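Report on one structure; see the data block that follows.
The values are calculated or read from the model by the stated rules, or taken from the named source; none is laboratory data. Treat the numbers as computed from the prediction; the structure is a model and nothing was measured. Because the Cβ atoms are built from the backbone with ideal geometry, glycine has one as well, and the counts that use them run over all protein chains shown.
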Amino acid sequence: MKNFKEYLKSEKYQTVVKPEVKRTIVVIFYTLIYSLGVAWFLETSQIPLYASGIPGVSQLIRDFLLYVLGVDLQSYERVLIGLLTILLNIPILILGWFGVSKKFVIYSMISVIVQASVLAYMPEIDLGLSDPSFALTSTILGGLLIGIGVGGALKHGTSTGGFDIVAQYVSFKKGKSVGVVTMSMNVVIGVLGGLITKGHIFDSNGMEIAAGVIISYTILRLLISTLMTDRLHTSYQYISTEIISTYADDIIKEILIKLHRGVTLINVEGGYTRTPKTMMLVIISSYELSTLKQLVNNIDPGAFIIVRPAKEVIGNFTKKRIA
């Protein structure tokens, strides 16, 4: 027991193991939020509402089998979605492994397993929103939970997998916003969903629900999710950070070694204490923020950090894969 307590206080645990444990817990937590948004709000709606990314593609395949091919899936609809979520993520995870970041993909694999399990086996709860008149409520609440799940995971340098990895890959290669890339791919899901279910979905009065209604609700859900994702993560790709600390030399060393970023130094003085300090100006990608905050906190928990979005960076700034 004593050795275990000493290990928890060791530098290796604090700087290497603890951050990874934290990220693992974070990705599971935010994936659960994402999955509950799909399972409890989108899937229970009488008007088809499609999820983001691979779960949305899985819903499309399920509905294609049901409404176009007339396959009787009986009680296996949700299990099919869970299975498809895993299978369709495999090629994307391979892309991410070689084109984004191995560590990023490992967290995404954890997320995919959690997603598939929740979508396949999470007990359905009647929230009273199944009637078509509550479709807007389901759209908003489902969109918020999905956006929180995706944005929260990205904020901590992890991912819910699927289109997130593709978006990160395109963002890294082309410099496009993650939210914009994801939005474009998911709009296609909504349009195809409306076309597939056209003529097969009816309201409580027996009136056919037009494809445009299904597409509109899905696009609204996408807008809500995208806004929440960019709100939690950041719609900017680069961040300007200002760090004020009396341990500047140690912090600079860690930034140079672990982030490989340049540091600009500015001499400052505390207005109250009149103590000389150093302000370090560092430009990083948004995906490196979590790592930067962790390494600064390990050296100086009392450091003052200012984070600002940088709309554009011109000059000697290297694009890097996610840590």
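The table below gives the values:
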| read-out | value |
| --- | --- |
| Sole residue being out of contact with any His (no Cβ under 7 Å at 6 or more places or on another chain), modelled with pLDDT of 85 or more and surrounded by fewer than 24 Cβ atoms within 10 Å (Cβ to Cβ), chosen from Leu232, Leu220 | Leu220 |
| Lone qualifier among Phe98, Phe104 - being farther than 21 Å from Tyr50 by Cβ, in contact with a Phe, Trp or Tyr (Cβ under 9 Å, 6 or more places away or on another chain) and not in a loop (DSSP other than H, G, I, E, B) | Phe104 |
| Long-range neighbours under 6 Å by Cβ, at least six apart or interchain, first residue without any contact (Cβ under 8 Å) to a residue 40 or more places away in the chain within the stretch 40-69, second surrounded by fewer than 24 Cβ atoms within 10 Å (Cβ to Cβ) and among the β-branched types (Val, Ile, Thr) | Leu65/Val71 |
| Positions within the stretch 112-156 being surrounded by fewer than 18 Cβ atoms within 10 Å (Cβ to Cβ) and aromatic (Phe, Trp, Tyr), in sequence order | Tyr121 |
| Residue match in the stretch 108-121 (condition: more than 22 Å from Thr229 (Cα to Cα), under 21 Å from the mean Cα position of the chain (by Cα) and in the same structural domain as Asn186 (by TED's automatic domain parsing)) | yes |
| Filter pass, Val27 being at pLDDT 85 or above, crowded, with 18+ Cβ neighbours inside 10 Å and assigned to a helix (DSSP H, G or I) | yes |
| Positions within the stretch 62-91 being assigned to a helix (DSSP H, G or I) and either over 23 Å from the mean Cα position of the chain (by Cα) or of a type in the set (D, E, K, R) (or both), in sequence order | Arg62, Asp63, Phe64, Leu65, Leu66, Tyr67, Val68, Glu77, Arg78, Val79, Leu80 |
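Yes/no per residue for (1) more than 26 Å from Ala153 (Cβ to Cβ); (2) modelled with pLDDT of 90 or more; (3) touching a strand residue (DSSP E or B) at 6+ places or on another chain (Cβ under 9 Å):
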{"position": "Thr275", "(1), (2), (3)": "yes, no, yes"}
{"position": "Glu288", "(1), (2), (3)": "no, no, yes"}
{"position": "Gln294", "(1), (2), (3)": "no, no, no"}
{"position": "Ile305", "(1), (2), (3)": "no, yes, yes"}
{"position": "Lys311", "(1), (2), (3)": "no, no, yes"}
{"position": "Lys319", "(1), (2), (3)": "no, no, yes"}
{"position": "Ala323", "(1), (2), (3)": "no, no, no"}
